[in-house]
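Undergrad: Structure provided below as structure tokens; questions to follow.
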Amino acid sequence: MTQKTIDIEVLRYNPEKDYKPSYQTFEVPFADETSVLQGLQYIKDQLDGSLTFRWSCRMEICGSCGMMINGVPNLTCSSFLRDYYPGKLRIEPLSHLPIERDLAVDQTDFLQKLESIHPYIIPKENQSVEEGPFKQTPAQRERFYQYSECINCLLCYAACPQYGLDSDFLGPAAMALLHRYNSDSRDDGKAERMPIVNAQEGVWACTLVGYCSEVCPKGVDPASAVNRNKVNSTLDYFFRFMAPKGAAE
Amino acid sequence: MAEQSMPNQSLNQSSQRSLKRSNEPVFWALFGAGGVVAAFLLPAVILITGLAAPLGIPSPELFSYERASAFASSWAGALFLFIVISLSLWHGLHRVYHSSHELGIHRGPLLSVIRLVCYGTALGGTVLSAYWLIAAL
Amino acid sequence: MATRRPYMRPMAGWWRRNPFYLFYMLRESTAVFVTLYALQLLYGVYTLTVGQAAFEAWLARLQHPVYIVFHALALAAALLHAFTWFNVAPKAMPALYLGTRRVSDRTVVRVQFVIFFVVSAIMLGVALGG
Ligand code: SF4
Ligand code: FES
């Protein structure tokens, strides 16, 4: 029996030579269990060693293998070539992000945004080792858990047209993580994070397109983080003179 | 207190450009209230005033001037009409304004004009509906 | 060192690239009908303040096929708006808890539909029941 093959069309871009990106098609043999990522690795190993893309864990953990597959943001390590057969695949780097080379995008903007939201617990008072860890009930944990599942894969940024139209927008994942810390019973950093929420670049650039939550491989539902914070920001706006800063829940 | 727990203070500041509190909550609150009103009430209201009334279904007497003005000049009816009209306008025009951004008008005088026209119309509709409904009370 | 020249792809026509975006734009376009209908109703209120003749002229104008088609489209738009609004509402409201149990998004959506049908039935009953 001859091996099945599938055409993979890849967007190539070499910043040293190319004025703009263009497509190149490769014919790739595949089996039932061949992931899209393995298809790309086949190209790199057998057909064209210069093809550039990121990956690491191959198991939906590291978040580095996100790409557009036929126009849809997806993790390539958990997408399979069989699902596209007998059609073909068109693989592009994640939308709305600058292309560094071939399928690798520049993540700097997101990393800076992630840093800006103080993505760590800011306790009211630091506790010494002798005092033991901060305690939390399962019910308290449940309030933020889904938002802590984010693997920074940036599929949601590739899904968000508002981010594409204006990259000043903090964006889905960074807001999901902001919300994750604000909803943590051990955290007391809300006052520091609210100015980001309240800005145009915070929640107000969002029009609830909702595609971010649709493509998220981890069930984070970043759209809910952004839009629940519209309510928080609105309360903060109208009640800021009555309650201490950032006190609105 | 927070100092110890911020390992990258300098980077934080560099990435936190001047953040200005947005006035969007005012418009978003009206948009949201209007969205709720439009979702729960508009389908039936449109069916009544836009289709049943002109077609006289089930009977033309139901849409007589007497009955309509009795409704509009009752407190409950006036309040109902005011809410439906004004909040629908705030809802609809807020979306129209944001769509202009999505369709490629990002900044500049044209966007300001669209903004003024949208929210101006919503405000005008709110004032006029209040005026006419109070006049009819 | 290799040259860095990050390439930004253009956004023009973004909403045609994905069926999800197309549906989003359809959702947003319901706002046009909501707005036009509200203005139309505002005018109706105005005719009430002018008097019987003006009101009846307005009602007569609404019988024109153009207005009937407009209102049929507006009804469809309002229904689409309601459907999409109820579906995204759980994302915008604070997470609800009954005791320690989280009320699921699906329950929130369903409750809204039930309220919608009850409220609509009451309005239609009052207005058309005589
Ligand atoms: S929210 Fe979801 S889609 Fe966005 S970066 Fe995190 S895991 Fe990826
Ligand atoms: S390779 Fe790590 S998520 Fe796909």
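Undergrad: If only Cα atoms are counted, what is the Rg of chain C, and what is its Dmax, in Å?
TA: Calculated on Cα positions, Rg and Dmax stand at 22.3, 82 Å.
Undergrad: Toward the positive end of the charge dipole of chain B, about the Cα centre and with charges on Cβ (Lys, Arg +1; Asp, Glu -1), which of B:ILE57, B:LEU133, B:VAL117 goes farthest?
TA: Highest projection toward the positive end goes to B:VAL117.
Undergrad: Distance between the C-alpha centers of the range C:72-130 and the range A:81-120? Whole Å please.
TA: 36
Undergrad: Exposed loop trypsin sites (Lys or Arg not before Pro) only (DSSP loop, at most 12 other Cβ atoms within 10 Å): please give the longest stretch of chain A free of them, not including the sites.
TA: The segment A:136-244 is the longest one with no such site.
Undergrad: Let me ask something additional. Based on Cβ point charges of +1 for Lys and Arg and -1 for Asp and Glu, what charge dipole magnitude is obtained for the protein assembly as shown about its Cα centre, in debye rounded to the nearest 20?
TA: 440
Undergrad: Tilt of helix C:52-61 relative to the longest C-alpha principal axis of chain C, in degrees (0 to 90, nearest 10)?
TA: Helix C:52-61 and the main axis of chain C meet at about 50 degrees.
Undergrad: Using θ = phi - 60° and the Karplus form 6.51 cos²θ - 1.76 cosθ + 1.60, what ³J(HN,Hα) does each residue of the range A:35-50 get, whole Hz, x for Gly and Pro?
TA: 7, 4, 4, 5, x, 5, 5, 4, 4, 5, 6, 10, 10, 8, x, 8
Undergrad: Over every pair of different alpha-carbon atoms in the range A:68-227, take the mean of 1/r and invert it; report that Kirkwood radius in Å.
TA: For the range A:68-227, inverting the mean 1/r across all distinct Cα pairs yields 17.0 Å.
Undergrad: Nearest 20 debye, what's the magnitude of the dipole of the range A:1-133 about its Cα centre given +1 on Lys and Arg Cβ and -1 on Asp and Glu Cβ?
TA: That gives a dipole near 420 debye.
Undergrad: Measure nothing but the geometry: give the 0 to 90° angle between the long axis through the Cα atoms of B:24-46 and the longest principal axis through the Cα atoms of chain B, rounded to 10°.
TA: Compared with the principal axis, the helix lies near 30 degrees.
Undergrad: Could I ask something else about it? A:PHE80's amide H: which non-local residues (gap 5+, or another chain) put their own amide H closer than 5 Å, with H modeled 1.01 Å from N in plane and none for Pro or chain starts?
TA: Result for A:PHE80 returns A:VAL36.
Undergrad: While we're looking at this one, here's another question. For the pair C:ARG5 and C:ILE115, how long in nm is the line joining their label points, each one 7 Å along Cα→Cβ?
TA: Spacing of the two 7 Å Cα→Cβ label points: 5.7 nm.
Undergrad: Follow-up. Given q = 0.19, 0.28 Å⁻¹, what are the Debye log10 I(q)/I(0) values for the range A:139-210, with equal point scatterers placed on the Cα positions and solvent ignored?
TA: -0.80, -1.27
Undergrad: Tell me which of A:TYR84, A:LEU208, A:TYR157 sits at the most positive position along the dipole axis of chain A, charges placed on C-beta atoms (Lys, Arg +1; Asp, Glu -1).
TA: Sorting the options by dipole projection puts first A:LEU208.
Undergrad: If you don't mind, there's one more thing I want to ask. Using a 10 Å cut-off on Cβ to Cβ distances, tally the other chain neighbours for every residue of A:192-199 and report the average as a whole number.
TA: Across A:192-199, the average partner-chain Cβ count within 10 Å equals 4.
Undergrad: What does the charge count around B:GLY35 come to, taking other residues whose C-beta lies under 14 Å from its C-beta (Lys +1, Arg +1, Asp -1, Glu -1)?
TA: Net of charged neighbours comes to +3.
Undergrad: Select from A:PRO93, A:VAL10, B:ALA44 the residue farthest towards the positive end of the dipole of the protein assembly as shown; place +1 on Cβ of Lys and Arg, -1 on Cβ of Asp and Glu, and compute about the Cα centre.
TA: The listed residue farthest towards the positive side: B:ALA44.
Undergrad: What distance in nm lies between label points placed 7 Å from Cα along the C-beta direction at A:ARG240 and B:ASN23?
TA: 1.3
Undergrad: Can you give me the solvent accessible area of A:VAL129 with a 1.4 Å probe, rounded to the nearest 10 Å²?
TA: 130
Undergrad: Per residue of A:232-241, how many C-beta atoms from partner chains lie within 10 Å of its own C-beta, taken as a mean?
TA: Taking the mean over all residues of the peptide, I get 3.
Undergrad: Could I ask something else about it? Just to verify a number: what accessible area does C:ILE115 come out at with the full protein assembly present, 1.4 Å probe, Å² rounded to tens?
TA: Looks like 80 Å² after rounding.
Undergrad: What base-10 log of the normalised intensity I(q)/I(0) is obtained for the range A:5-105 from the Debye formula, alpha carbons as equal point scatterers, at q = 0.12, 0.16, 0.23 Å⁻¹?
TA: Result of the Debye calculation: -0.34, -0.62, -1.32.
Undergrad: Can I ask one more? From largest to smallest, what semi-axes in whole angstrom does the range C:16-92 give when each is the square root of 5 times an eigenvalue of its alpha carbon gyration tensor?
TA: In descending order the semi-axes read 32, 14, 9 Å.
Undergrad: Throw me the Rg/Rh for the protein assembly as shown, computed over C-alpha atoms with Kirkwood Rh, two decimals.
TA: 1.04
Undergrad: Of all accessible surface on the range A:108-242 at a 1.4 Å probe, what whole percent is carbon and sulfur?
TA: Accessible surface attributable to carbon and sulfur in the range A:108-242 totals 53 percent.
Undergrad: Also: So, with +1 on the Cβ of K and R and -1 on the Cβ of D and E, and no other charges, what is the size of the charge dipole of chain A about its Cα centre, to the nearest 20 debye?
TA: That gives a dipole near 360 debye.
Undergrad: Counting only residues 5 or more places away or on other chains, whose amide H sits under 5 Å from the amide H of A:ARG12 once H atoms are built in the peptide plane?
TA: Here A:SER22, A:TYR23, A:GLN24 satisfy the definition.
Undergrad: Taking the Cβ-Cβ separation of A:CYS62 and C:LEU36 as r and a Förster radius of 41 Å, what is the calculated FRET efficiency to the nearest 0.05?
TA: Efficiency, from the Cβ-Cβ distance: 0.25.
The values are calculated or read from the model by the stated rules, or taken from the named source; none is laboratory data. The structure displayed is predicted, hence computed values, not measured ones. All Cβ positions, glycine included, derive from the backbone under ideal geometry; neighbour counts span all protein chains shown. For the accessible areas, the whole protein counts, side chains as well, though only heavy atoms, and no ligand, DNA or RNA atoms are used. Shrake-Rupley method; radii C 1.70, N 1.55, O 1.52, S 1.80 Å.
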